[in-house]
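What follows is calculated from the coordinates using simple rules that are stated; it is not laboratory data. Note that the structure is a prediction, hence the values are computed from the model and not measured. All Cβ positions, glycine included, derive from the backbone under ideal geometry; neighbour counts span all protein chains shown.
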Amino acid sequence: MKPVLLAGLVSLLLTQASAFAYDYAADDSINSNLQKLYVGANIGLVAGDAQDFCDERDLTCLPWKALVGYRVNEKIAVEGSLFRTLKGTSSASADYGEPYDTGGMSASVLGFYPIQDNIEAFGRLGVAVWDTESDNSVTVANICNGGTDFLIGGGAQMNISDNLGLRGEMEYIGGDFDSTTFSAGITYSTF
C-alpha cells in the first residue's frame, strides 16, 4: 500500500509542476515597443505675462520642467511635472535686489497621434498649481502670489531608441498666470 501511495504522490507533484509552467513571453502584451513608465526633463523659453514680468524686473527667465508619466495605451498618457518658470533677483530700480521665484506642479492627460514609426504628435490638457514668492529684505515681508489654472499644449516626440526620446512642446497656462512656454527635452523609459 505504501509504494502505491508514494508513487501517486510523486506523479501528482510532477503533474503539478508542468501545470504551472506557463510561457509568459508568448502571451505578454507588454512586450511591444510601447514603454509604459517614463521620466523626462525640458528646458525652454517663456512668453506671455511671465515674459513681461521678467522684462519689467530685468530677470532671466529660463523655465525648466521635470516630469514623470505613464502610457495607459498607445494613444493616452497621464503625466505629472514639477516646473519652475522664473527665478532671479530684480535689477529694476523699484525693487532692486528683490529675489523672485515662480514654480509649481502640474498634472495632465496627453493624447498621442502617430506620424511615423518613431515620431508622434501629442496634445495636452491639464491643471497647474503655481506659486510666486518674493522676499523683500527692507520690510521683511514675504509676498506670496499663486493659483490653480488650466493647462493646454501640444508638441511632437521622436523616439531615437526603444528607451530614449526627444520632445518639443508648447504649453499655455491660462487664468491668472497667463504664460506660454516653448521647450525642448528628453524622455527616458525603462519599464
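For region 35-189, the dipole from Cβ point charges (+1 on Lys and Arg, -1 on Asp and Glu) about the Cα centre works out to 700 debye, to the nearest 20.
Mind giving me the FRET efficiency for residue 107 and residue 60? R0 is 22 Å, r the Cβ-Cβ distance, nearest 0.05 is fine. Could you put the intermediate results ahead of the total?
Values: r = 28 Å, r/R0 = 1.26.
Result of the calculation: an efficiency of 0.20.
With each label modelled as a point 7 angstrom along the Cα→C-beta vector, the residue 186-residue 41 pair spans 0.8 nm.
From least to most packed, judged by other beta carbons within 10 angstrom and beginning with the fewest, 171, 120, 56 follow the order 56, 120, 171. Shape analysis of region 35-189 based on the Cα gyration tensor places the equivalent ellipsoid semi-axes at 33, 14, 13 Å, largest first.
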